[in-house]
Amino acid sequence: MKHRILHTLLLCLPAFASHAEPKVAEKVLGNGLKVLVKEDHRSPVVVSQVWYKVGSSYEPNGITGISHMLEHMMFKGTDKHPAGEFSRIIAENGGDENAFTGRDYTAYFQTMAASKLAVSFELEADRMRHLHLLADELKKELEVVTEERRMRTEDSPQAKMSEQFMAMTFTSSPYKNPIIGWPVDIANYQVEDLQAWYQRWYAPNNATLVVVGDVETPKVFALAEQYFGGLQPSELKALKPQTESPQLGVRKMTVKVPAKLPSVVLGYKVPSLKTAGQEWEAYALEVLAGVLDGGSSARLSKELVRGKQLAVSAGAGYNFSSRLSDLFELEATPAEGKTVWELELELKKQITRLQQELIKKDELQRIKAQVLASAVYERDSNFYQAMQLGTLETIGLGWQKADEYVGKINQVTAEQVRDVARKYLLDDHLNIAYLEPQPINPATAQKKAVK
């Protein structure tokens, strides 16, 4: 769940909204690569990120997780730089690098001294179109990904529950599939599958290069042209519509996995900023999430955890920047002697209260102040600034939305928060999963049962 930092900067809010931020410069190369540059001269470092418009939500059944698998294979070398060379060269130049795959994107990044930016560009441009995909390397990396799935999902009760929950919640939306992929698909990847995926999506006209740091914009554009300008674009075909089928009533499931504690998660189908009919609805859902789970003074922590002592933890979250419509989630773990059904009832009462009562002015201002504080802290990070630009651009909203966030949140009214609760947080849009703990060591449990 999304937890935010509480801060009391109410007096600064109007001033911050109009504060002049460093400008983002944009250039599109002849081959379609979009380059975004934001100068930040506070320290002599630069963050460089390459974002591809492809992730798990692009994948058909049978090859789920292939975007994540390809992310791993992107470090396996080209003609110019054999396997392992990419990371070695970055490290030799004092930088660090990594990559991540999401539902709507795959991104690769380096953080280096600003004077070394050309090193990053040369390596990324090389593997954008000249990657070697070899069967032996795939075999090795399949073991790595299988182990990653075991550690992060199979051995994690909450992750396993979340995976099962998403598979039940969504029917036609590709968000039903895990980013890492289903085990049967992972076990059956072929080099040809990866090659086809790479050729289709890894192209300059399907990518955004984001640079934030101690740089001069014209020089960055010149470097981008030098290293990326000669790469050939791909013919990109539009994706078929992937909208979720209407839900016709509440859905419930019980997930039985080895665990120490039970828990419950509620998920309501809601639009994201990208899919909302009216933009203000997404910002109102953001504020609503803050009302429930915006620090220690938020309602879930204050009332369910400390007040009634029904839960040892409780939270809420909303996926504001998803490419497709998503979920508004509530999650809680019951305190000793309490049950998931008691918590479910209390969580629903919180929703009903939001639908019936306007939030007070001081509570609304607290949430807005908290959003302001988070925005201030996040802009201290070159990496986060680049992340924000890359995410918005890649999901199709455009990087310009980054400058609108604080102002739009500041415009949300108590009536709008109530209205989105009434419109979207309904039983017909609700999905519920209960985690029912099983013995962590089945062999021990069986021995006790026999006795």
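The values are calculated or read from the model by the stated rules, or taken from the named source; none is laboratory data. Note that the structure is predicted; figures quoted are calculated from it, not measured. Cβ sites come from the backbone with ideal geometry, for glycine too, and all protein chains shown count toward neighbours.
The figures follow:
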read-out: Sole residue being in contact (Cβ under 8 Å) with a residue 60 or more places away in the chain, under 26 Å from the mean Cα position of the chain (by Cα) and over 21 Å from residue 281 (Cα atoms), chosen from 435, 430, 397; value: 435
read-out: Criterion (in the same structural domain as residue 302 (by TED's automatic domain parsing), in a helix (DSSP H, G or I) and closer than 18 Å to residue 318 by Cα) met by exactly one of 419, 362; value: 419
read-out: Conditions (1) under 30 Å from residue 439 (Cβ atoms); (2) surrounded by 14 or more Cβ atoms within 10 Å (Cβ to Cβ); (3) β-branched (Val, Ile, Thr); number of the one not met by residue 270; value: (1)
read-out: Residue count for the range 273-284, restricted to those that are closer than 20 Å to residue 316 by Cα and touching a residue at least 60 places away in the same chain (Cβ under 8 Å); value: 5
read-out: Residue check, residue 218 surrounded by fewer than 19 Cβ atoms within 10 Å (Cβ to Cβ) and under 30 Å from residue 27 (Cβ atoms); value: yes
read-out: Subset of the range 24-56 (residues that are in a strand (DSSP E or B), closer than 20 Å to residue 119 by Cα and aliphatic (A, V, I, L, M)); value: 35, 36, 37, 45, 46, 47, 50
read-out: For residue 264: the one exception among (1) in a loop (DSSP other than H, G, I, E, B); (2) touching a residue at least 24 places away in the same chain (Cβ under 8 Å); (3) not assigned by TED's automatic domain parsing to the domain that holds residue 125; value: (1)
read-out: Selection within the range 60-85 - assigned to a helix (DSSP H, G or I) and at pLDDT below 95; value: 85
read-out: Any hit, the range 200-210, residues being closer than 20 Å to residue 394 by Cα and more than 27 Å from the chain's Cα centre (by Cα); value: no
read-out: Failed item, numbered, when residue 235 is tested on (1) out of contact with any Gly (no Cβ under 7 Å at 6 or more places or on another chain); (2) assigned to a loop (DSSP other than H, G, I, E, B); (3) more than 27 Å from residue 415 (Cα to Cα); (4) at pLDDT 95 or above; value: (4)
read-out: Test: residue 349 is part of a helix (DSSP H, G or I), assigned by TED's automatic domain parsing to the domain that holds residue 294, at pLDDT 90 or above and surrounded by 14 or more Cβ atoms within 10 Å (Cβ to Cβ); value: no
read-out: Criterion violated by residue 392 - all others in (1) in a strand (DSSP E or B); (2) closer than 30 Å to residue 98 by Cα satisfied; value: (1)
read-out: Those residues of the range 157-181 which are more than 19 Å from the chain's Cα centre (by Cα) and either more than 20 Å from residue 328 (Cβ to Cβ) or outside any helix (DSSP H, G or I) (or both), in sequence order; value: 157, 171, 172
read-out: Output for the range 318-331, where each listed residue is under 13 Å from residue 350 (Cα atoms) and crowded, with 24+ Cβ neighbours inside 10 Å; value: 330, 331
read-out: Criterion: in contact with a Leu (Cβ under 7 Å, 6 or more places away or on another chain) and surrounded by fewer than 23 Cβ atoms within 10 Å (Cβ to Cβ) - qualifying residue of 315, 294; value: 315
read-out: Residue identified as at negative phi, loosely packed, with under 15 Cβ neighbours inside 10 Å and of a type outside the set (Ser, Thr, Tyr) among 151, 161; value: 151
read-out: Count - residues of the range 268-314 that are over 24 Å from the mean Cα position of the chain (by Cα), closer than 27 Å to residue 249 by Cβ and assigned to a loop (DSSP other than H, G, I, E, B); value: 1
read-out: Candidate set from the range 86-102 (those that are free of Cβ contacts under 8 Å to residues at least 40 places away in the same chain and part of a helix (DSSP H, G or I)); member that is farthest from the chain's Cα centre (by Cα); value: 92
read-out: So residue 262, is it surrounded by 16 or more Cβ atoms within 10 Å (Cβ to Cβ), at pLDDT 95 or above and within 28 Å of residue 416 (Cβ to Cβ); value: no
